[in-house]
Amino acid sequence: MLDYKLIGFLHMGTLFVGRSDAAFVQSVCAVVLKGNWHKLSNVAIGFCLSSANVNQILLLLSKDASLSWTFFRWAQSLPHYQHSLQSFWTMVHLLTKKRQFKTARELLEKFAFKEFLSSPAVLSSLLSAYDDLKTNTQILNWLMIIYSQSKLAVDAFQIFDQMKNEGLKPDQHACNALLSMLAKSRQTATAWKVYHEMLLVGVVPNIYIYNVMLHVCFKSVDVEKAENLVREMDQKGVFPDLFTYNTLISLFCRRGMHYEALAIQDRMRRERVNPDITTYNTLIHGFCREGRMREAVRLFKEINGAVPNQVTYTTLIDGYCRVNELDEALKLREEMEARGLRSGVPTYNSILRKLCEEGKMKAANKLLNEMDERNIEPDNITCNTLINAYCKRGNMDFAWKLRNKMLEKGLILDHFTFKALIHGFCKVQELDNAKEVLFEMLNAGISPNYSTFSWLVDGYCNQNNEEEVLRIPDDIMNRGFCADKSIYRSLIRRFCKRGLVDYAQKIYVKMQVKGIAGDSLVYTILSYAYLNAGKPIASSEILNNMLKNKLIITSKIYKCLCASYGDTSDMLELFWHQAIEKGLLANNVYKLMQEARPNSRSNH
């Protein structure tokens with residue numbers, strides 16, 4: 001009878017939805033259950049289907065999840081109908097409940113990014129529609145994994161928080177996904193917060209979660225927390241695996257704790273966890289980085305159960321180069337090639353750097369030609385190494401040609417490239433070219449630092465052309481760039497270092513005219529420069545301005561001044577005495593002064 005009514009409604013081009021919406025829902029269900037899909041083909045039904053009655057139909061058909069799924073997809077194909085978030089959620093719920101996990105998760109992924117699913121208000125509303133805790137938990141676990149794998153930290157964390165608030169316990173896999181994403185993005189504090197809250201809601205960490213948290217410790221170089229995690233693993237009977245040990249070894253080597261790293265290797269042997277080449281490479285790299293080549297080579301010769309690879313040889317080659325044993329590095333490279341391991345870019349870079357340091361430019365170019373013959377593309381490090389070497393030797397023509405080749409190869413000039421070129425042009429007194437590279441650097445979005453401006457200041461001062469330095473901020477602004485405080489500060493610092501305090505004052509005045517206020521470093525440097533130039537009244541006035549502007553001398557500024565003017569210790573002592581009298585020193589500076597005094601006495 002219901003089929004007959006529905007067909008009658010369709011023939012009329014309308015549906016009886018006003019007075020008996022329930023009858024319409026029942027009619028559609030009857031048609032679907034009998035498999036008479038052709039009876040639903042009338043265009044009018046697309047206009048009459050609402051998200052509310054679709055949701056009802058899905059629930060009425062829920063005894064057969066495959067039938068609900070078929071109807072869901074059929075409704076989705078209609079040109080004038082779109083599923084609501086509620087109907088999506090209902091369908092995922094039904095599929096999950098019937099253990100059709102693959103289909104459920106694929107559907108969840110399709111609408112997880114289109115809707116505000118991680119919103120606490122939206123989630124609470126969806127969860128309240130169903131009291132099936134097990135199914136809700138499973139869906140939220142998937143959501144946490146989906147957002148974590150997509151690197152959507154805020155969304156993933158909100159899902160975790162919502163589960164906690166709803167009394168739902170996330171599973172180990174979801175927690176691992178969230179923690180892994182946080183570790184990779186270096187959000188170590190958030191990772192620890194999640195870990196502790198995870199324990200509070202009853203999640204028992206497995207080896208994968210412990211390994212992720214050890215990786216968090218590695219990222220933050222936190223040995224103490226790593227050791228606590230290992231003790232926790234031992235107490236709970238969770239056995240470390242190869243990844244655990246390799247992470248610990250990497251952490252200890254990074255901190256220079258080689259004894260502890262070797263102790264981990266011994267524990268691996270005792271627990272019959274065979275080290276792989278990553279284990280050996282990490283240990284070898286730790287020793288090479290500190291120039292302890294004897295220990296590095298001993299480990300290399302002890303490699304057992306693993307095969308040395310390109311990384312192993314390159315690490316040793318780089319180590320030999322760093323301790324000025326180029327011949328040993330070249331011998332090892334021959335051995336590497338004899339074993340069928342071809343040199344990669346990192347290998348060439350290590351040798352090139354040493355050849356350039358020793359001024360063996362012919363040998364460096366020969367190596368570069370070899371790379372070309374082998375179709376090994378130089379990277380930024382290769383080009384920057386050579387550019388820097390030629391700039392130091394004043395061969396700017398060749399350095400510029402290399403810079404052009406970088407651009408031709410599609411390599412992006414970085415701050416190393418720009419700094420080397422600016423330094424090189426200043427060295428050969430081609431200051432206009434140096435300034436052009438400075439503008440190119442700013443155009444690339446890279447901020448020059450103090451050393452960059454100090455080369456320009458020195459270059460112009462050596463030409464007795466201090467006035468040109470005063471024009472640098474204006475030149476920068478005329479090119480459409482922002483001359484911020486850091487630029488003025490750098491010029492003031494360098495003028496003061498050269499004893500040209502009057503020019504430093506002129507830069508300071510220009511800075512004020514532009515509406516840029518001085519900071520603690522600017523005031524401190526200027527005040528000291530005036531004192532050092534025999535102008536104590538001007539020095540005192542600047543300190544008074546600091547006091548008026550509620551600025552203090554921090555430990556960082558204290559260290560900076562001591563490092564820059566350590567050769568004028570008596571004058572520095574007088575300056576610090578004035579600053580103390582005016583109450584301008586941060587509390588931690590007094591501690592640094594006390595620590596420095598015994599050293600100064602012992603030196604005398």
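The values are calculated or read from the model by the stated rules, or taken from the named source; none is laboratory data. Treat the numbers as computed from the prediction; the structure is a model and nothing was measured. FYI the Cβ positions are ideal-geometry reconstructions off the backbone, even for glycines, and counts take in every protein chain you see. Keep in mind that these areas ignore ligands, DNA and RNA; they rest on the heavy atoms of the full protein, side chains included. Shrake-Rupley method; radii C 1.70, N 1.55, O 1.52, S 1.80 Å.
Computed from the C-beta positions of Ser128 and Arg254, the FRET efficiency with R₀ = 60 Å rounds to 0.80.
When the trypsin sites (Lys or Arg not before Pro) in the range 184-231 are filtered for DSSP coil states and for at most 12 other beta-carbon atoms within 10 Å of their beta-carbon, the remaining sites are Arg186.
Between His415 and Phe116, the simple spin-label model (points 7 angstrom out along Cα→Cβ) gives 3.9 nm.
Counting only alpha carbon atoms, the long axis of helix 101-112 and the longest principal axis of the chain meet at about 60°. On the range 71-136, 53 percent of the accessible area sits on carbon and sulfur atoms, based on a 1.4 Å probe.
Loop-located trypsin sites (Lys or Arg not before Pro) across the range 87-143 with a Cβ neighbour count of 13 or fewer within 10 Å are Arg99, Lys114, with loop assigned by DSSP.
Lysine pair count for the range 467-604 with Cα-Cα distance under 17 Å and sequence separation of 8 or more or different chains is 12. For the range 465-589, which whole percent of the accessible surface, found with a 1.4 angstrom probe, sits on carbon and sulfur atoms? Accessible surface attributable to carbon and sulfur in the range 465-589 totals 50 percent.
Computed from label points 7 Å out along Cα-Cβ, the spacing between Val201 and Asn304 is 4.7 nm. Simple rule: put +1 on each Lys or Arg Cβ and -1 on each Asp or Glu Cβ in the range 76-131, find the dipole, and look at Tyr81, Ser119, Leu108; the Cα lying farthest toward the positive end is Leu108. Calculated FRET efficiency, Thr554 to Gln82, Cβ-Cβ distance, R0 = 35 Å: about 0.05 to the nearest 0.05.
For the pair Glu271 and Val221, a Förster radius of 25 Å applied to the C-beta separation gives a FRET efficiency near 0.50, rounded to the nearest 0.05.
Distant-in-sequence amide contacts of Ile553, defined by a placed amide H-H separation under 5 Å and a gap of 5 or more residues or a different chain, comprise Leu585, Ala586. Between rounded, prolate and oblate, where does the chain land on the alpha carbon gyration tensor, with a ≥ b ≥ c its root eigenvalues, rounded for a/c under 1.5, else prolate if a/b exceeds b/c? Since a/c reaches 1.5 and a/b is larger than b/c, the shape of the chain is classed as prolate. Solvent-accessible surface of the range 315-463, taken per residue with a 1.4 Å probe and all protein chains present: 49 Å². Each part gets one Cα centre, and for the range 345-403 versus the range 55-110 those centres are 62 Å apart. Here the simple spin-label model places points 7 Å from the Cα toward Cβ, and for Ala444 and Phe398 these points are separated by 2.1 nm. Were the residues from Ala22 through Asn587 laid out at 0.36 nm apart, the gain over their Cα-Cα distance would be 195.7 nm. The residues of the range 495-587 have, on average, 50 Å² of accessible surface per residue, using a 1.4 Å probe with all protein chains present. Overall, the range 425-534 carries a charge dipole of about 360 debye about its Cα centre when +1 sits on the Cβ of Lys and Arg and -1 on the Cβ of Asp and Glu, all other atoms neutral. Taking each residue as 0.36 nm, the span from Val323 to Ser569 lengthens on full extension beyond its C-alpha to C-alpha distance by 85.1 nm. Going by alpha carbons, how many degrees (0 to 90, nearest 10) lie between the helix axis of 85-97 and the longest principal axis of the chain? Around 80 degrees separate the two axes. With θ taken as phi - 60° and the Karplus curve 6.51 cos²θ - 1.76 cosθ + 1.60 applied, the whole-hertz 3J(HN,Hα) list for the range 268-278 is 4, 4, 4, 9, 6, 9, 6, x, 9, 5, 5 Hz, x standing for glycine and proline. Couplings 3J(HN,Hα) for the range 504-512, derived from phi with the Karplus relation 6.51 cos²θ - 1.76 cosθ + 1.60 (θ = phi - 60°), are 4, 5, 5, 4, 4, 5, 4, 5, 5 Hz, where x marks Gly and Pro.
To the nearest ten degrees, helix 2-11 and the longest principal axis of the Cα atoms of the chain are 70 degrees apart. Ordering Gln512, Leu386, Val273 by Cα displacement along the dipole of the chain toward the positive end leaves Val273 in first place; charges were set at the Cβ atoms of Lys, Arg (+1) and Asp, Glu (-1).
Taking all protein chains into account, the per residue accessible area for the range 221-303 stands at 53 Å² (1.4 Å probe).
Listed here are the pairs Lys97/Lys134; Lys114/Lys184; Lys98/Lys151; which of them are more than 18 Å apart at the Cα? Going by Cα-Cα distance, Lys114/Lys184; Lys98/Lys151 fall outside the 18 Å limit. Count Lys and Arg as plus one, Asp and Glu as minus one, and take only other residues whose Cβ is under 14 Å from that of Val54; the net charge is then 0. Taking trypsin sites (Lys or Arg not before Pro) across the range 271-314, the ones in a DSSP loop with at most 12 further Cβ atoms lying within 10 angstrom of their Cβ are Arg272.
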